[in-house]
Amino acid sequence: MSRIAALAVCSLLLLTGCATANAEGTHVGYADRAGPTVIGTDGSAESRVVAALYGELLTGAGQKVRTADASYASPVATAQAVVDGRISIAPAYESTLLRAMPGGQTMPGNMEATLSMALPPGIVALPPAAAQGGVVLAVTRSTAKRHKLSGLADLRRAGTGLTLGGSASGDPDAPSVAALKEAYGVTLTPAGTAGTADVRVLRSTDPAIARDGLVVLADPKAVVPPEHVFPLISAPALDLTGRTALARVNTLLTTPQLAKLTASVDAGETPGRAARAWLRAKGLLR
């Protein structure tokens, strides 16, 4: 694992190209210089509203904050911008970030340790929120009732007639029928991106889950890797006060809550307004 972690550090530093270190090995870059904390996003509604939550919490804690002038192409590109010093902080996702590392290795049951070993000096993964932005497998209530489904292992009761597909079926974290067969002994038929699949592969914040009353199936064997959202920061950019402010959101920001916030922004509400309303409702902001 130590060799993998070392390779990961070297690869990410080479990939970003702009990261440097001082004599003590601490990362330095543009975003670490005197001035406001710069928050970046990948441009999606989910990333923008999470970044707005971070910004409101930091502002409430007395820190000067501004949003980066341009968004980035993906969560990985946004994380790279933190690493090379172009921004100070960004929403990041566990497995997505680790996929940028050679081999995508993880330490089973200890994602925090995995991230801490994989990231370069001076770049810190703060504790994650309860919310996940990754892939889930879900069924309609009628399908769940008919086959008595609450978890993926229960799909064995349905025999071989169910299909697997949906809007997130092409996601890197989407499980294949072979992976589900190996882990749970279930037999499903691939249905690509079909929205009519019996077992739907969706992002966990997809508004269809709440709108259609879908039942998300439990995955105790973690066939789908975790994708909790967390603040990826350049260490010099946030002091203890700032880090403590961000930690206040961890328990309260659940996947359903994140889905509602994302849906609000998708519907046209500004990320800042949605974030402020939610934080005030939770007693985290005056």
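Numbers below:
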item: HN-Hα J in Hz across the stretch 206-212 - Karplus 6.51, -1.76, 1.60, θ = phi - 60°, x for Gly and Pro; result: 4, x, 5, 4, 6, 4, 9
item: Straight-distance crosslink candidates among aspartates and glutamates, where the alpha carbon sits under 17 Å from Lys145 and sequence neighbours closer than 8 are dropped; result: Asp154, Asp198, Asp212
item: Total formal charge among the other residues, if their Cβ is under 14 angstrom from that of Val249, Lys/Arg +1 and Asp/Glu -1; result: +4
item: Spin-label proximity, Thr189 to the stretch 137-165 - amide N less than 16 Å from point 7 Å beyond Cα toward beta carbon; result: 158-165
item: Theoretical FRET efficiency, 1/(1+(r/R0)^6), r = Cβ-Cβ of Ser176 and Thr251, R0 45 Å, to 0.05; result: 0.85
item: Within the accessible area of the stretch 127-286 (1.4 Å probe), percent carbon and sulfur; result: 54 percent
item: Derived scalar couplings ³J(HN,Hα) [the stretch 279-286; Karplus, 6.51 cos²θ - 1.76 cosθ + 1.60; whole Hz; x for Gly, Pro]; result: 4, 5, 5, 8, x, 9, 8, 7
item: Relative packing of peptides 82-90, 231-239, 150-158 - highest average C-beta neighbours within 10 Å first; result: 82-90, 231-239, 150-158
item: Cut-off 19 Å, label 7 Å out along Cα→Cβ of Arg146, residues of the stretch 165-198 by amide N; result: 165-166, 186-192, 194-198
item: Centroid-to-centroid separation of the stretch 159-186 and the stretch 39-59 [C-alpha atoms, Å]; result: 32 Å
item: Residues with amide H under 5 Å from that of Thr189, placed H, sequence gap 5 or more; result: Leu162, Thr163, Leu164
item: Ranked packing of 41-47, 142-148, most packed first, by mean Cβ within 10 Å; result: 41-47, 142-148
item: Other-chain or far-sequence residues with amide H under 5 Å of Thr67's (modelled H); result: Ile39
item: Mean accessible surface per residue for the stretch 114-175, computed with a 1.4 Å probe while every protein chain stays in place, in Å²; result: 42 Å²
item: Dimensions (Å) - the stretch 166-264, Cα atoms, principal axes, largest first; result: 51, 30, 21
item: Placed amide H near Ala218: partners under 5 Å, 5+ positions off or other chain; result: Gly151, Leu152
item: For the stretch 219-233, 3J(HN,Hα) per residue [Karplus equation, 6.51 cos²θ - 1.76 cosθ + 1.60, θ = phi - 60°, Hz, x = Gly/Pro]; result: 10, x, 8, 6, 4, 8, x, x, 9, 5, 7, 8, x, 9, 10
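The values are calculated or read from the model by the stated rules, or taken from the named source; none is laboratory data. Since this is a predicted model, take the numbers as computed values, not measurements. For neighbour counting, all protein chains shown are included, and Cβ atoms are generated from backbone atoms with ideal geometry for every residue, glycine included. Ligands, DNA and RNA are excluded from the accessible area calculation, which covers all protein heavy atoms including side chains. Shrake-Rupley method; radii C 1.70, N 1.55, O 1.52, S 1.80 Å.
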